[in-house]
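What follows draws every value from the coordinates through simple rules; no lab data is involved. Computed from a prediction, not measured in an experiment: that's the story for all the values here. Cβ placement follows ideal geometry from the backbone for every residue including glycine, while neighbour counts extend to all protein chains displayed.
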Amino acid sequence: MSTKSIIIFFLLIIFSCRPQFQQQQILPEQKKQEVESPLSSVDTFMLGIDNFMSKYLHLVQNKRIALLTNPSGVNSHLRATSDLLFENKNIRLVAFFGPEHGIRGAMHAGVKVADTIDSLTGLPVYSLYGNKYKPTRESLENIDVILVDIQDIGLRGYTYIYTMAKVMISAAENNKKVIVLDRPDPLGGLQVEGNLTEKDFFSMVGLYPIPYRPGMTIGELAGLFNEEYDIHCDLEIVPMRGWQRSMYWNETGLNWVPTSPHVPHWETILFMAATGTIGELNTLSEGVGYTSPFEIIGAPWIDGIRYAQELNALHLPGVYFRPLYFKPYYLTYSGQICQGVQLHITDRKKFSPYVTGLYIMQTHLQLYPDQNLFSKADRIDMFSKVVGTDKIMKMLIKKIPVSEIEQSWQEELSMFLKIREKYLIY
């Protein structure tokens, strides 16, 4: 055999052994093993939007598209999804839907946002956080497909996943298709924590009975909502490639775009999972209004050293409490010198933020019984909605140990985990 023949022979062997990847539509009713595709070392991390632009444009061919997004909707190179769609001559982008904080992410939490015209594209923006939470029949008249590309933070109380659910409900009612471009859960997809939201406390900070930290991507949640809670819209999920459930955000190689004004860094979410519920009471400052949103807890009457000593004596896993002074620039205790503690996460895999938040409240009730955490009646309703029940507040007031409070939701959490398993894509 000649040298040339030998080279050709080996080349044929090499190319015949290369893995072949097939284009694949990810449907919510498919089982986990059916949606996984083999990955090799040559694959790079791809967000749902990257995968969509690369392989799935046929899903919207000759369709009129609306996009639910905000500044967090970017591809792996920080190009806005809205720009990618608007500039593509093969895509008919006709409208936007905007969540809480607005299409440009500039509005404060809870502030109603009006419909508008997008200054960059000239397209209509229908607000889903104003006088309505779901698309109207009129807004959907000239739309065939709604794309969803927005970064969730992995906590039940964040409204974006319910805005997506409202879009899905309206799509089912009006025979429209929904395509969710999947994105990572910044806190990974392994740890699940917290009680389930009770029906009497359903709201836009907890619309379905899921735990406070569900450990699911926005695409996985879309599948869960669609099937378990009887939405049944025409739904497809464009998956990521290369994401693993053990990954925290910094392990994806992606840059973080603030999902809302007080989530400037992905690590903020870990602290938010512990102190965000407390902040709803407006009796303690959780650092929103200071330079460290959600990283601190304090008030003018607190002795920071004593508070830190009591909390550290609990030996809570993965966190250390350091005493500090601070003076908020706005919101709770604006302009007043406060003492309290700063949370330092020493092991994020051992850290249980939701339970840690309960211990922070329990410790305050023990140290400062005359400073009632639940004194503001107008905030109790929102606190209970975010926590998903009023039972936890009542148990804290009755001085029931946090260990018993945590045990009280384990049965329902176990039931959720069995349901959740059906919708895990990765």
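Side notes on the structure shown:
- In the structure shown, the pairs Lys176/Lys199; Lys134/Lys176; Lys134/Lys422; Lys134/Lys177 are assessed against 18 Å; a Cα-Cα span above that value is assigned to Lys176/Lys199; Lys134/Lys422.
- Estimated 222 nm signal from helices in the chain, with DSSP H stretches of n ≥ 4 weighted -39500 (n - 2.57), rounded to 500: -9000 deg cm²/dmol
- Helix 218-228 vs. the chain, principal-axis angle (Cα, 0 to 90°, nearest 10): 90 degrees
- Stretch gain in nm, segment Gln371-Asn88, where the contour uses 0.36 nm per residue and the Cα spacing is subtracted: 96.1 nm
- In the chain, Cα pairs under 8 Å separated by at least six residues give a relative contact order of 16 percent.
- Relative contact order %, the range 153-250, counting alpha carbon pairs below 8 Å whose residues are six or more apart: 43 percent
- Using a Gaussian network model of the chain in which every pair of alpha carbons under 10 angstrom is joined by a spring, one finds that among Glu173, Glu286, Glu267 the greatest mean-square fluctuation is at Glu173.
- Candidate aspartates and glutamates for bridging to Lys63, where Cα separation is under 20 Å - those fewer than 8 sequence places away on the same chain excluded: Asp50, Asp83, Glu87, Glu138, Glu141, Asp144, Asp149, Glu173, Asp234, Glu236
- Computed from Cα atoms, the angle from the helix 410-421 axis to the main principal axis of the chain rounds to 10 degrees.
- Candidates Gly206, Gly289, Gly215, ranked by Gaussian network fluctuation over the chain, Cα under 10 Å, top entry: Gly289
- In the chain, the longest principal axis of the Cα atoms and the axis of helix 160-173 are about 50 degrees apart.
- Formal net charge of residues neighbouring Leu187 (Cβ-Cβ distance under 13 Å; K, R +1; D, E -1): +1
- Take every Cα pair under 8 Å whose residues are at least 6 apart in sequence, average their separation, divide by the length of the range 268-389, and the relative contact order is 30 percent.
- Modelled spin labels at Asn250 and Ser203, positioned 7 Å past Cα toward Cβ, are 3.4 nm from each other.
- Between the listed residues Leu196, Gln407, Phe321, the Cα displaced farthest toward the positive end of the dipole of the chain, a dipole computed from Cβ unit charges relative to the Cα centre, is found at Phe321.
- Label selected from [x] 24.5; [y] 21.5; [z] 20.4, the criterion being mean projected area of the Cα convex hull in nm² as computed here: [x]
- For the residues Val111, Val125, Val205, a GNM of the chain with alpha-carbon springs under 10 Å puts the largest fluctuation on Val111.
- Extension gain from Asn142 to Ile305, taking 0.36 nm per residue of separation minus the Cα-Cα distance: 52.6 nm
- Within straight-line cross-link reach of Lys376, aspartates and glutamates at Cα separation under 15 Å, skipping those fewer than 8 residues along the same chain: Glu280, Asp390
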